Amino acid sequence: MNILEIKNVNIYYCGKEVLREINIDVKKNEILCIMGPSGCGKSTLLSLINGFLTENGGEYTGDVILKGENIKAMKPIQLRRSISTLFQDSKPFPLSIENNILYPIEFYEGKVKNRKERISDYLKDVNLYNEVKDDFKMSALKLSGGQKQRLCIARMLTTDPDILIFDEPCSSLDMENTLIIEKLIKRLSEKYTVILTTHNEEQAKRIADRTILIGK
């Protein structure tokens with residue numbers, strides 16, 4: 001079953017063609033890895049899927065269909081909830097651990113009930129709870145690099161998305177933390193569909209169900 005369909009898409013910035021004739025079907029709970037050389041348009045393709053492309057001045061022809069609905073007909077807030085993105089330069093908010101989790105929930109839902117339980121659940125989802133359970137009020141900026149990345153992933157889950165997008169999720173991590181994040185992504189795919197970019201061919205082999213190459 002396809003959760004996402006990209007049909008006959010051409011992408012332009014300032015009238016210049018960036019990507020041509022992109023056709024991709026993404027199955028539910030699939031881990032799809034997008035590879036290609038630097039500057040080939042991998043991040044641009046992700047920005048098409050999550051709706052940031054047109055907000056940032058890009059244009060496209062063709063269609064992107066999410067769960068049977070064209071994203072052109074969706075409100076941005078609806079699309080943001082359905083497709084959650086971890087950008088390559090994503091960092092925790094300069095807030096406490098708990099407020100990194102609560103902020104997006106409050107943005108979308110208003111006042112949060114069962115705060116501690118919900119914070120705990122999301123941190124457990126990314127295997128961070130046992131490491132921080134004694135100090136939810138600690139600044140997230142004091143966490144290690146790998147912990148910060150897992151907190152950012154926990155923050156992604158708070159919108160109850162259908163698709164998780166990761167743009168080079170391990171580019172700034174050492175091998176130990178890279179393997180931790182890869183294992184986490186594999187487990188999250190049991191509940192979510194995952195689309196990620198990477199330059200690392202070995203990483204793609206370790207975690208992807210399918211890999212596609214784009215480039216000039």
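The values are calculated or read from the model by the stated rules, or taken from the named source; none is laboratory data. Model, not experiment: these values are computed from the prediction. Cβ atoms come from the backbone with ideal geometry, glycine included; neighbour counts cover every protein chain shown. For accessibility, only protein heavy atoms count, side chains too; no ligands or nucleic acids. Shrake-Rupley method; radii C 1.70, N 1.55, O 1.52, S 1.80 Å.
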Residue in the stretch 108-130 that is surrounded by the fewest Cβ atoms within 10 Å (Cβ to Cβ), counting only those that are among the polar types (S, T, N, Q) and assigned to a loop (DSSP other than H, G, I, E, B):
N114
Can you find, within the stretch 75-107, the residue that is nearest to E55 (Cα to Cα) among those that are within 11 Å of the chain's Cα centre (by Cα) and assigned to a loop (DSSP other than H, G, I, E, B)?
F87
Unique residue being over 26 Å from L79 (Cβ atoms), of a type in the set (G, A, S) and assigned to a loop (DSSP other than H, G, I, E, B) when the list is G215, G146:
G215
Looking at (1) in contact (Cβ under 8 Å) with a residue 40 or more places away in the chain; (2) under 23 Å from H199 (Cα atoms); (3) in a strand (DSSP E or B); (4) not hydrophobic (A, V, I, L, M, F, W, C), find the lone condition where E17 falls short.
(1)
Just give me the residues in the stretch 54-67 being of a type outside the set (D, E, K, R) and farther than 16 Å from N8 by Cα, in sequence order.
T54, N56, G57, G58
For D25, are the conditions met, namely being among the charged types (D, E, K, R), in contact with a helix residue (DSSP H, G or I) (Cβ under 8 Å, 6 or more places away or on another chain), within 25 Å of I214 (Cβ to Cβ) and open to solvent by less than 80 Å² (accessible area, probe 1.4 Å)?
no
Of residues in the stretch 160-212 being among the hydroxyl-bearing types (S, T, Y) and part of a strand (DSSP E or B), the one surrounded by the fewest Cβ atoms within 10 Å (Cβ to Cβ)
T211
